[in-house]
Amino acid sequence: MEKIFDTRWTIFIPIGYKQGHLVFTRLFLDHPRSVGESYLKHQRHAFGFGISLLGAALACLVHGLVPGLFVRTGSEAITRLHDRMVVHRTVRSRDRIVAVRT
């Protein structure tokens, strides 16, 4: 009698150490390192952006209901976030971090 491998249960098969380490590194460390940050520093920045975007989104929703309120709040938040993310960002250049102005 032949056993057939059931692919529905592949998620429960333990990943080898090396493969698991590579997956962890790719998901949690590669991107923060590529922008010259630790995981926690990148997390703080991302949470800060997210909270700012949520505030801007709420202001825009209220502005849609009452156009006289929050007239510039959304656009000012986007401009401020653009400055933080694009204008004043840092990138890795070989082994050093350099500021980039666009």
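Couple of notes before you dig in:
- Local electrostatic count at Ala77 - Lys and Arg +1, Asp and Glu -1, tallied over other residues with Cβ under 13 Å: +1
- Couplings 3J(HN,Hα) of segment 46-54, computed from phi: 5, 5, x, 5, x, 5, 4, 5, 4 Hz, in residue order, whole Hz [Karplus 6.51 cos²θ - 1.76 cosθ + 1.60, θ = phi - 60°; x for Gly and Pro].
- Arg84 contributes an accessible area of around 110 Å² to the protein surface, as traced by a 1.4 Å probe with all chains present.
- Computed from backbone phi with θ = phi - 60° and the Karplus coefficients 6.51, -1.76 and 1.60, the 3J(HN,Hα) list for segment 67-74 is x, x, 9, 6, 4, 10, 4, x Hz; x is used for glycine and proline.
The values are calculated or read from the model by the stated rules, or taken from the named source; none is laboratory data. Just so it is clear, the structure is predicted and the values come from calculations on it, not from any experiment. In this analysis, Cβ positions are derived from the backbone assuming ideal geometry, glycine residues included, and neighbour counts consider all displayed protein chains. The protein model used for the area step is the full one, side chains on, heavy atoms only, and it has no ligands, DNA or RNA in it. Shrake-Rupley method; radii C 1.70, N 1.55, O 1.52, S 1.80 Å.
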